[in-house]
């Protein structure tokens, strides 16, 4: 890092998931108008997953890495002092304890949200964003389900394929002249099996988590919108009461800008992720093709 | 290659038609009739096509022809017919005999059968086969008049021989073993292939859902909209492509099926050999026992325990005239028996020789055909993968433009 606030150019610290959670909460508190990137899920919903399994840890690590990078990219959030501390402090726990005194502030923001003010009219812009988010997370959910179904189908296909290959070998053992080509077929099918396995793994590790992340993102965006609505409602109510708070007015526009920015980053990320997925699929097919080509060569040699 | 019918005549099974008619029991039934077209290949005439002869036959008539060939040429590996009922079906394929795809594949199979028979050096010369191709009316009667059913060996007799034969030719035993294994491995292969096809179908089709979702999603996006929409289109193409791919694969499956059925034909030849060998062994045994009997009667010694010996001891020996008569009868029988044995031996050796020649021919045909089948299967797979690469490359392009 090259920024002035930091004392040293490089830091390396150890953090637990809890710490990340804490950081996120702090960010939400201190910048309630901004869109905070989501964290990977705390608890794993499906089945009993070993929290210490390599796969799980690796997936989570990647997601946390992304989380930090996003904050770093953010023009406002990255200057947050909590963030600074998070990255640099050797002992985070003592700092956290200090933060406990700020509980009162938490109470305040909670009051904020549950103000119960009625919203007069929502500007079209935000209504549109709200609708968009709804549809968006719906579609992503569908895509997630489809992808999972594909993985399942591919697994079942793999099972059959694994039985298919050896049959050719058995036949090869029976024949004299044909044994080589038959063995070749068997080997190629084996290649296909491993290529398919790889594809499935990639999809599970790279593609699905990203989908889920964006779904979580949508959720938090919706929350921000809700807060915004509340703020606007409060603002309008207070306006009626003829006691104008300058800060409120400020908040709403900033929120808008931030929202827009986030959506843009969002879309760009999504594009990059889709491309990665395509790459994986192509690799898979390329391998299949090479396997088949070998087979063909063998025969033409005969 | 020897002069065979296939060279002189173009044979095709060009059409199939649904018919209804009354069968032997006077019940209305629906069946499919196949049009056989034949045309003489004139080597001299250029630009002049000989007229096409045609007639309609149904599957049961093909079966009759084949049964005739089986009985008349037991030493030949007779080409098999395409399956009677759809087997090894995966879920999308219909098991219905009237299904147009099935009928089409059967038409091809029947044509293949005729071509194989016509190109076989021995079978193509058969008159009944020729009239099957050319004579519309009265063919059935002609076949039945040959009395081939009498020549056909009973299943029970064959089974008996298989168990009791003592000294079959080793090569035939090996061959029988081979054909058993071949049958089992090919059936296994076809079964698994059907399951594989099923699963692959599922995978492709689910991708079609992507197409729909991308389309819906693109409606709410601004910059990503176009990219998503076209990517969705590619997904649809991908999902649809599986139908053609699997149809082509059916052809491969049919080629394997032919050899599955061929295995049965091989076994039939082995069985015939066992039957003949058993017959021979029985005849030899019979001869030996008759000779023994004769000797006993002549010398008056009873070497083995026999009812005759017992009765003669109990009821007194026969007089010399009776004995002479018996000996004479036996001697005649022995002479007959020896001649029969000689001719059976000759028959047996002939059979083994000609059968083995045909088996060698079959082996070469099989190796050649299967190699080709495997190559075309590999080519199919490659083209399938190429298509896959193309679809996903296109999709990738769409995504990169988002």
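Read-outs throughout are calculated quantities, based only on the coordinates presented, and are distinct from any laboratory measurement. Given the structure is predicted, the values throughout are model-derived calculations rather than measurements. Using ideal geometry, Cβ is built from the backbone for each residue, glycine included, and neighbour counts are taken over all protein chains shown.
Spin-label model, residue B:343 to residue B:164: label points 7 Å out along the Cα-to-beta-carbon direction sit 2.2 nm apart. Across peptide B:385-395, the average count of Cβ atoms from other chains found within 10 Å of a residue's Cβ is 5. Relative to the current alpha-carbon distance between residue B:247 and residue B:61, full extension at 0.36 nm per residue lengthens the span by 64.2 nm. Per residue of peptide A:138-146, the mean number of Cβ atoms on other chains within 10 Å of the residue Cβ is 4. Across chain B, C-alpha contacts under 8 Å between residues 6 or more apart give a mean separation that, scaled by the residue count, equals a relative contact order of 18 percent. How crowded by other chains is A:176-186, given as the mean number of beta carbons from other chains within 10 Å of each beta carbon? Rounded to a whole number, the mean comes out at 3.
Approximating the spin labels as points 7 Å out from Cα along Cα→Cβ, the residue A:162-to-residue A:132 distance works out to 4.5 nm. By the count of other C-beta atoms within 10 Å, a proxy for reagent exposure, A:159, A:176 are ordered fewest to most as A:176, A:159. Shown for B:75, B:368, B:233: other C-beta atoms within 10 Å of each C-beta, ranked fewest to most, produce the order B:368, B:233, B:75.
Once the C-beta distance of residue B:367 and residue A:198 is scaled by a Förster radius of 25 Å, the resulting FRET efficiency is 0.10 to the nearest 0.05. The angle between the Cα long axis of helix B:59-72 and the longest principal axis of the Cα atoms of chain B comes to about 40 degrees, rounded to the nearest 10. In this simple spin-label model, placing a label point 7 Å from the Cα along the Cα-to-Cβ direction at both residue B:27 and residue B:240 gives a separation of 4.4 nm. Highest GNM mean-square fluctuation among B:77, B:41, B:122, for chain B modelled with Cα contacts below 10 Å: B:41.
Between segment B:190-236 and segment B:344-372, the C-alpha centres lie 52 angstrom from each other. Springs join every pair of Cα atoms under 10 Å in this Gaussian network model of chain B, and among B:270, B:124, B:294 the largest mean-square fluctuation is at B:294. Taking the 0 to 90 degree range and rounding to the nearest ten, how far is the long axis of helix B:100-119 tilted relative to the main principal axis of chain B, both from C-alpha atoms? The answer is roughly 50 degrees.
Going by neighbour counts of Cβ atoms within 10 Å, the residues A:157, B:59 line up, fewest first, as B:59, A:157. Principal-axis analysis of the Cα atoms of chain B puts helix B:320-400 at an angle of about 10° to the longest axis. Our summary gives segment B:65-202 a relative contact order of 32 percent, counting only alpha carbon pairs under 8 angstrom and 6 or more residues apart. Once the Cα-Cα distance is subtracted from the 0.36 nm per residue extended length, the residue B:86 to residue B:130 segment shows a gain of 13.0 nm.
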